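Input: a single structure, listed below in structure tokens.
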Amino acid sequence: MPFGRDAEIYGESEPADYLYKVVSGAVRTYKVLNDGRRQISSFYLSGEIFGLEVGGEHTFSAEAVADSKILVIRRSAVVALAGRDKEVARQLWRMTATELQHAHDHIMLLIKTAQERVAGFLLEMAARRPDASEVDLPMSRQDIADYLGLTIETVSRMVTQLEKSGTIALATSRRIVLRKRGALSRMNA
């Protein structure tokens, strides 16, 4: 199914009847807090699956970050297949463990300094595209700020500091060249 930029894929508390795979584009999952702030939980890139829930309802909302094509799979069909096929069950287990690890990493990221958060985010995005010395960010700086629990001004200031130090280079506003990955890793430690 095609989804345009900022189009809702599903909403918080809606029935979790489907799993979703990003065929192209990118997706963000988020909650709007009581005070109106948005907290982004995750970004999903091409080839990644999202919408896996413990219960019968979605705990977050999901939107397309950019024009995206999403494969929609009935959850009950996957569960039934996992009951018959050990390899599918293993893949489902791996997916669940990956989501849990990502949630843990995100929690740890949120207790770091602003510079450590931005460095960690860039490394996270680079790790999702192995051997990439450049990171293409489909999301806006506001999305990054909402993911990192920072203001957009702080994210921009940290990116500028990293650029001035020679740790990164900005090929474009959304394409970042990782010049000193080791330095980013030390910042993220």
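What the table shows:
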quantity	calculated
Test: residue in segment 136-156 that is open to solvent by less than 40 Å² (accessible area, probe 1.4 Å), at pLDDT below 90 and outside any helix (DSSP H, G or I)	no
Members of segment 161-180 that are in contact with a Ser or Thr (Cβ under 6 Å, 6 or more places away or on another chain) and open to solvent by less than 20 Å² (accessible area, probe 1.4 Å)	Leu178
Scan of segment 15-52 for residues that are farther than 18 Å from Leu71 by Cβ and either assigned to a strand (DSSP E or B) or modelled with pLDDT of 95 or more (or both), ordered by number	Pro15, Tyr30, Lys31, Val32, Arg38, Gln39, Ile40, Ser41
Hits in segment 104-114 (condition: touching a residue at least 40 places away in the same chain (Cβ under 8 Å) and within 13 Å of the chain's Cα centre (by Cα))	His106
Checking Glu57 against (1) under 18 Å from Glu124 (Cβ atoms); (2) touching a Pro at 6+ places or on another chain (Cβ under 9 Å); (3) surrounded by fewer than 17 Cβ atoms within 10 Å (Cβ to Cβ), the condition it does not meet	(1)
Test: residue in segment 60-70 that is in contact with a Leu (Cβ under 7 Å, 6 or more places away or on another chain), at pLDDT 95 or above and over 27 Å from Thr151 (Cβ atoms)	no
Residues located in segment 117-131, provided they are open to solvent by less than 20 Å² (accessible area, probe 1.4 Å) and either among the basic types (Lys, Arg) or part of a loop (DSSP other than H, G, I, E, B) (or both)	none
Residue ID - farthest from the chain's Cα centre (by Cα), chosen from residues in segment 53-91 that are in contact (Cβ under 8 Å) with a residue 40 or more places away in the chain and assigned to a helix (DSSP H, G or I)	Ser76
In segment 137-167, residue farthest from Ser41 (Cα to Cα) [restricted to those that are without any contact (Cβ under 8 Å) to a residue 12 or more places away in the chain and β-branched (Val, Ile, Thr)]	Thr160
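The values are calculated or read from the model by the stated rules, or taken from the named source; none is laboratory data. What you see is a predicted model; the values in this text were computed from it and never measured. In this analysis, Cβ positions are derived from the backbone assuming ideal geometry, glycine residues included, and neighbour counts consider all displayed protein chains. What goes into the accessible areas is simple: the full protein's heavy atoms, side chains included, and nothing from ligands, DNA or RNA. Shrake-Rupley method; radii C 1.70, N 1.55, O 1.52, S 1.80 Å.
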